[in-house]
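Trainee: One structure follows; several queries about it will come next.
The values are calculated or read from the model by the stated rules, or taken from the named source; none is laboratory data. In this text, all values refer to a predicted model and were calculated from it rather than measured experimentally. Note that each Cβ is placed from the backbone with ideal geometry, even for glycine, and that neighbours are counted across all protein chains shown.
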Amino acid sequence: MVILIGGVSCSGKTLMAQTLLEKYKIPYLSIDHIKMGLIRGSKYCDFSAADPETEITEKLWPIIRGIITTNIENNQNIIIEGCYIPTGHMSDFEPEYQKQIISLYIGFSKNYLDKHFISGIIENMSAIEHKELDEYISLENFISLHAQLRESCIINQANHFEIDNDYLHEINNVYRWIDEQVEAKRLIKFID
């Protein structure tokens with residue numbers, strides 16, 4: 001089983017992956033770590049951290065897709081989180097592989113961002129990994145990025161969960177959905 005958690009930077013993906021690791025005892029992989037490992041460790045890397053997210057996604061997705069495929073073929077569980085999971089990614093996998101993938105995107109509504117940008121985003125942006133405040137992290141940019149993610153998820157029929165008002169209550173609903181999906185995947189595996 002592979003759990004994929006996508007979304008805009010600072011939307012709680014790493015915290016969710018860490019929580020799921022602790023609950024299910026499934027390791028997680030941060031796509032940011034792969035990105036920075038390639039940038040810092042490979043003289044053949046042809047992108048930088050400053051490149052547009054779409055370009056980085058184009059470079060990283062084939063690697064991530066290979067990791068997903070390998071985990072499924074080896075009957076191994078993994079959680080993968082990051083900004084570089086395209087919303088149309090499920091079409092890259094055969095139906096038998098899709099049965100082993102739980103995929104979701106988390107985001108914030110304009111309402112939530114307007115009310116809680118400082119207290120909900122800025123104050124919690126380093127809950128798991130250290131992040132520095134830069135021009136990327138502005139209210140206007142976040143509203144735009146989350147709207148783009150929502151639209152892309154709708155177009156690609158991807159599972160999108162948008163926090164609108166009460167973060168703890170709404171994120172717990174996401175965890176309940178994940179629990180249901182994990183249980184269903186376990187039943188499918190048992191039946192097959």
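Trainee: Can you list the helices (runs of 4 or more DSSP H) found entirely within the stretch 98-192 that contain at least 3 residues being exposed (fewer than 13 other Cβ atoms within 10 Å of the Cβ) and at pLDDT 95 or above? Walk me through it before giving the result.
Mentor: On the way: elements: 110-116, 139-155, 167-191.
Qualifying helices (runs of 4 or more DSSP H): 139-155, 167-191.
Trainee: For residues that are free of Cβ contacts under 8 Å to residues at least 40 places away in the same chain and under 17 Å from Leu113 (Cβ atoms), tally how many sit in the stretch 170-187. Don't jump to the end; show me each part of the working.
Mentor: At the first step, the residues of the stretch 170-187 found to be free of Cβ contacts under 8 Å to residues at least 40 places away in the same chain are 170, 172-173, 176, 179-180, 183-184, 187.
Next cut, under 17 Å from Leu113 (Cβ atoms) only: 170.
Total meeting the criteria: 1.
Trainee: Can you name the condition, by its number, that Asn75 falls short on among (1) over 12 Å from the mean Cα position of the chain (by Cα); (2) under 21 Å from Ile178 (Cα atoms); (3) outside any loop (DSSP other than H, G, I, E, B)?
Mentor: (3)
Trainee: Which of (1) in a helix (DSSP H, G or I); (2) of a type outside the set (Ser, Thr, Tyr); (3) within 26 Å of Arg150 (Cβ to Cβ) is the odd one out, the single condition Gly6 does not satisfy?
Mentor: The single condition Gly6 does not satisfy is (1).
Trainee: Answer yes or no as to whether Asp51 is touching a strand residue (DSSP E or B) at 6+ places or on another chain (Cβ under 8 Å), within 27 Å of Glu123 (Cα to Cα) and modelled with pLDDT under 95. Spell out the reasoning first.
Mentor: Numbers: touching a strand residue (DSSP E or B) at 6+ places or on another chain (Cβ under 8 Å): no; within 27 Å of Glu123 (Cα to Cα): yes; modelled with pLDDT under 95: yes.
So Asp51 does not fit the description; no.
Trainee: Another one. Taking the stretch 52-90 as the region of interest, how many residues are free of Cβ contacts under 8 Å to residues at least 12 places away in the same chain and among the hydroxyl-bearing types (Ser, Thr, Tyr)?
Mentor: Here the count works out to 2.
Trainee: Something else about it: May I ask you to verify whether Ser11 is in a loop (DSSP other than H, G, I, E, B) and surrounded by 12 or more Cβ atoms within 10 Å (Cβ to Cβ)?
Mentor: Working: in a loop (DSSP other than H, G, I, E, B): yes; surrounded by 12 or more Cβ atoms within 10 Å (Cβ to Cβ): yes.
The answer is yes for Ser11.
Trainee: With respect to Leu60, determine if the residue is part of a helix (DSSP H, G or I) and either surrounded by 14 or more Cβ atoms within 10 Å (Cβ to Cβ) or modelled with pLDDT of 95 or more (or both).
Mentor: yes
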